[in-house]
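For reference, the structure is listed below as structure tokens.
The values are calculated or read from the model by the stated rules, or taken from the named source; none is laboratory data. None of the values given here were measured: they were computed from a predicted structure. All Cβ positions, even for glycine, are placed from backbone atoms using ideal geometry, and neighbour counts span all protein chains on display.
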């Protein structure tokens, strides 16, 4: 693997350029044909650097045959890295049984990634390979913890790359881009989500104030961030694979910048929503199907260049500190001002902090959100 390769290094060593599988397909539009012509010209350049390759990917690779060629290069995978892996039928035995059972449940719900006319046999094979590709990565890296939504990322990789190459591509994506999501807790992710607020403070302060007034945290973007939109747009392969091109060509935090642009773009819809935590969360966690993604992606890149992560890190930490204080405030008020007075038996069921430490899935955030809604409603009415 090219772990020591820098972005400024040349992709093609010794000027040897492999055969590039860039060909227009029958259903390609004129715009796509023109884009493929540019892609081919770029890829066949002897002075192609990894910076050039990232930039090319961020603009979209059009077809999956191009992605199958480019994605491994973006991840610094060499042809010799793709060794055939046998005995995948038993790979699940090297994964914790409870984790494996959760994987099976999530894989069973991943049918949306396949066409509606997929045969039963093809669907069974897809689910079998999806289970194998996930279990292989987890068995190879004990430090990585499975989370719900990882199956959607894995499904996208499997569809583009196939099983054998997909094993290595998913492994590299997990190590380079998803590692924070696969720690024992989601604490880093909790904090990173506040990049959205730090950016809104600069891009759309009035909208941020509106969200803060209803005491809403940016956890509405959790699913899109940790799945690269693979859950929401599973049935729209063209868009989803385009987004993966963009994320693979960018830095790990770029999805949060895109989330910020999407929230700002929807400002009128948000302002028109009932100013209450529940309705607001529902609107923000439900993405429209007609977002102008190409425009948003271009704007996202400009936003990242204008406000790189290091320039707003302090604000992110401040927002996260406020979140922790607010959660403590809610808990304290619930215990002292509401629960003991209205529901004296509720304390025995109160969720203990260590409960969340053992959950490395969306369930942890979901439970926190549900509890927050409950606390908010009870406190407001008391």
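The figures follow:
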quantity	calculated
Condition check for residue 64: more than 25 Å from the chain's Cα centre (by Cα), surrounded by 14 or more Cβ atoms within 10 Å (Cβ to Cβ) and within 22 Å of residue 247 (Cβ to Cβ)	no
Matching residues in segment 71-110 - criterion: being surrounded by 16 or more Cβ atoms within 10 Å (Cβ to Cβ) and at positive phi	76
Helices (runs of 4 or more DSSP H) wholly inside segment 186-287 containing at least 2 residues that are modelled with pLDDT of 95 or more and within 30 Å of residue 66 (Cα to Cα)	222-227, 237-248, 254-265
So residue 113, is it touching a helix residue (DSSP H, G or I) at 6+ places or on another chain (Cβ under 6 Å), surrounded by 19 or more Cβ atoms within 10 Å (Cβ to Cβ), touching a residue at least 40 places away in the same chain (Cβ under 8 Å) and over 29 Å from residue 60 (Cα atoms)	no
The lone exception for residue 117 - which of (1) at positive phi; (2) modelled with pLDDT of 95 or more it fails	(1)
Filter result for residue 106 (over 21 Å from residue 240 (Cβ atoms) and assigned to a helix (DSSP H, G or I))	no
Residue among 83, 73 that alone is out of contact with any strand residue (DSSP E or B) (no Cβ under 8 Å at 6 or more places or on another chain) and outside any helix (DSSP H, G or I)	83
So residue 305, is it in a helix (DSSP H, G or I), free of Cβ contacts under 8 Å to residues at least 40 places away in the same chain and in contact with a helix residue (DSSP H, G or I) (Cβ under 8 Å, 6 or more places away or on another chain)	no
The listed residue being assigned by TED's automatic domain parsing to the domain that holds residue 132 and surrounded by 17 or more Cβ atoms within 10 Å (Cβ to Cβ), out of 222, 178, 207, 240	178
Filter pass, residue 178 being within 22 Å of residue 312 (Cα to Cα), within 13 Å of the chain's Cα centre (by Cα) and at pLDDT 95 or above	yes
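For every residue, the table says whether it meets (1) at pLDDT below 95; (2) over 26 Å from residue 186 (Cα atoms).
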position	(1), (2)
291	no, yes
315	no, no
320	yes, no
357	yes, no
363	yes, no
